[in-house]
Amino acid sequence: MTSGTYSLRSHVLDSLTRTRRPDVPLRVVVRNTAAVILPLGVGIATGHTAIGLGVGAGALDTMFSDQPGPYRQRISRLLLASLAAGLASLCGFLIGGQLLPMLLATLACGFFGGLLVVFGTDIARVGMTSMILLVVTAAEPIPSLPGALGAAALIFAGGLLLTLFSVAAWPLQRYWPERNALCVVYRGLATLARQQAHDDDDVPALTDAMTTLQQTLLGPHRAHGRAMEAFGVLLELAERIRLELVAIAELHAHADAHAMFREDAARVLQGVAEALEQGESPARAAHALQTLRATLQALPPGAGPAGLQAHLHALSGQLAAAVRNADWAGSRGEERAAAAETRLPRALRGSAVLATLRASLTMRSVAFRHAVRCAVCLSLALLVSRLWQLPHGYWLPMTAAIVLRPDFAATFNFGLLRVVGTVLGLVLTTALLFVTPDQPWAHLALMALLCMAFRYLATAHYGIAVAALTGTVVILLSYEGVAPGAAVTDRVINTALGCGMALLAYVAWPTWERGRARAALADMLTAYADYLAALARPDQRDAHREARTAARTARSNAQASLERMRAEPATPAALLDLANALFANGNRLARTAMSFEALLDDHDPPPEADAAFGFMARAAEALRAVATALRERRAPVSLPDLRALQRELAARLAQSGDPARAELLARVCDRLTDNVDTLAHVTSRSPQVAADGRAGNAA
């Protein structure tokens, strides 16, 4: 949704029609589907269909914990999901026939499972899986402990099988996750290089990819070995290449004179990405690098603004280093680069688990409020299904667990698409089974196709993916004796009720984003101020990277908050306009700061630069004051007169012995002054009678 005014009709149409490009690799789709289908096929062939069903169901429920990342991280995540699935299943099998113990179990599982959102999406899936399996297995209780243990062990084994398939390539492609993360970043840099001017979004996909790359290469689950040092060098080069590309774009390089140079740079970066993806020598990148050097030599000396040539030469040198290190970074490559140990930036380091949970146990915490909603909604859904004795009633609490999310927009979208997808899936499955031979192996083949479609399309269009999942589950249950055409109406009703209960639970006790958006934007401006303050200390280069990463993280959080607020009803138009203006102008300031950092990397600071560093510190002070005013819902006061300071700085720089570098430095400081003054103006003219704030706090 891009409209500034909320419209339910537009929201519904947008949810139904919005699609994204599928981002799940085919190898992941195949191995996840194999973990579901193969056990069932073996069970059918050997006459132990029930065992195959249990293992396949366990793999299906833990499927989405198979996410990109280092192999060690993947193992720990999948083992955690498998263990949680096994324990939740054991609990459901043992006490599923007893209403009061089950209500207590759903309260506990819903609360702790919902609280896991504080650790991110991947861990939150573990909590959701536990809630789903608890209510699903409770529909078929097994009172005896040995029987319940055996059934739960099969589900746990399905998760283990999925884990085995996920890491099977480890011995053959030890550094594949690391090379793939680098490949994504270098492809994004190639796209950035081709842009004449960067838009306000500043390639969000590249921003996310850079964060993922840092976590992959430097996180607690990182791999070790000689090649990892080359990967670290490529990470640092990617950061510096991005700085140079932003600086060149901000200088408005001549479109005709430098178009060929940008295209050559993009071809070098694309060649590096392909070499990393294939684990081969970057021959194409090396050839493109030769072309780029020839293009650089052919550029007229006076083409473009002053100082641009320095950035072009710096970029050329960094691309050459990237090509060299890509040659050393293959899965069997020898490490020949010397690089200092690089640590994960503080902004990306997770806090201690217990400390994070304790900090979330407050009514102000989004995770805590979500946990309470999950606990109450899951228990009420189970109670309704049992009291009303709904046929196939487990679909009701299961749907509530799947649909209920920490924010309104996601809850609404998942609920709507869940209902539409379920209806579509039941109709589609009925039609497909009508034309498919009534044979177990034919049904198994159809189930495999539907399972692959579900895994592949889940991030592209959830409604279509749910249609495929519904068909998968219907065929899976048919092997247990549930007729595919039976109780279609019951399943649709239970799904609709579950979605409705989840949405009502959110509306009854909401956490509206409009009450938190100012804080997220203020955090972003504060992080930008810290970045400027770090740049004012040229002798502390490590602090630059830390501050830049923290600013990137804060920007991503602010963007997510803005997107959630846009999708909420009753968001004041004035607040949305304020947020859009602050975010757009904050992006411009960030690009100016990155241009200044690139200037520092390309040159030793001239004597006159001390004044520029002092100006940068005052700009950081002013921006921090703007962030405080935004957080406190007032106009900024007592700001430094940056324009007067900038004019004084420009006069001093005009006396420099290097006019080109002085002009470039003055231009960056002029843009920075305009950036900060604009943010202060936007904040001061925003409505101070914050009806949106009262509404958000009342929630």
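Taken together, the values in this text are just the output of simple stated rules run on the coordinates, not laboratory data. Computed from a prediction, not measured in an experiment: that's the story for all the values here. Positions of Cβ are backbone-derived with ideal geometry, glycine not excepted, and every protein chain shown enters the neighbour counts.
Which order results if D122, D577 are arranged by neighbouring Cβ count within 10 Å, fewest first?
With the sparsest Cβ surroundings first, the list reads D577, D122.
Once both labels are positioned 7 Å from their Cα atoms along Cα-to-Cβ, the gap between S76 and S556 label points is 1.8 nm.
Note on W176 and L103: with the Förster distance fixed at 60 Å, the Cβ-Cβ geometry gives a FRET efficiency of about 0.85.
Under 13 Å from a label point 7 Å along Cα→Cβ of T430: give me every residue in the range 488-528 with its amide N that close. Those under the cut-off are 488-493.
When only the Cβ of Lys, Arg, Asp and Glu is charged (+1, +1, -1, -1), the dipole of the chain relative to its Cα centre reaches about 1180 debye. With R₀ fixed at 45 Å, the C-beta to C-beta distance from T191 to L145 puts the FRET efficiency at about 0.20. Distance between the C-alpha centres of the range 131-171 and the range 417-475: 22 Å, rounded to the whole angstrom. Relative contact order of the chain, taken over Cα pairs closer than 8 Å and 6 or more residues apart, is 16 percent. Look at L312, L396 and count the other Cβ atoms within 10 Å of each Cβ; fewest to most, that gives L312, L396. Available extension along the chain between R537 and R358 is 60.8 nm, counting 0.36 nm per residue and deducting the alpha carbon span.
On the basis of the beta-carbon distance and an R0 of 41 Å, R293 and D641 show a calculated FRET efficiency of 0.35.
Taking label points 7 Å from Cα along the Cα-to-Cβ direction, A168 and V482 give a separation of 2.9 nm. Rg and Dmax over the alpha-carbon atoms of the range 516-698 stand at 17.3, 61 Å. With contributions of -39500 (n - 2.57) from each DSSP H run of at least four residues, the per-residue ellipticity at 222 nm computed over the chain stands at -25000 deg cm²/dmol. When a/c is below 1.5 the answer is rounded, else prolate if a/b is larger than b/c, else oblate, so apply that to the range 384-460 with a ≥ b ≥ c taken from the square roots of the Cα gyration tensor eigenvalues. Oblate shape, in that a/c is at least 1.5 and b/c is the bigger or equal ratio.
Report D for the chain in µm² per second (integer): Stokes-Einstein, Kirkwood Rh on Cα pairs, 10 °C, 1.306 mPa s. After rounding, the answer is 57 µm²/s. Normalised by the number of residues in the range 374-521, the average gap of Cα pairs under 8 Å and 6 or more apart makes the relative contact order 36 percent. The order of V366, V403, going from fewest to most other C-beta atoms within 10 Å of their C-beta, is V366, V403.
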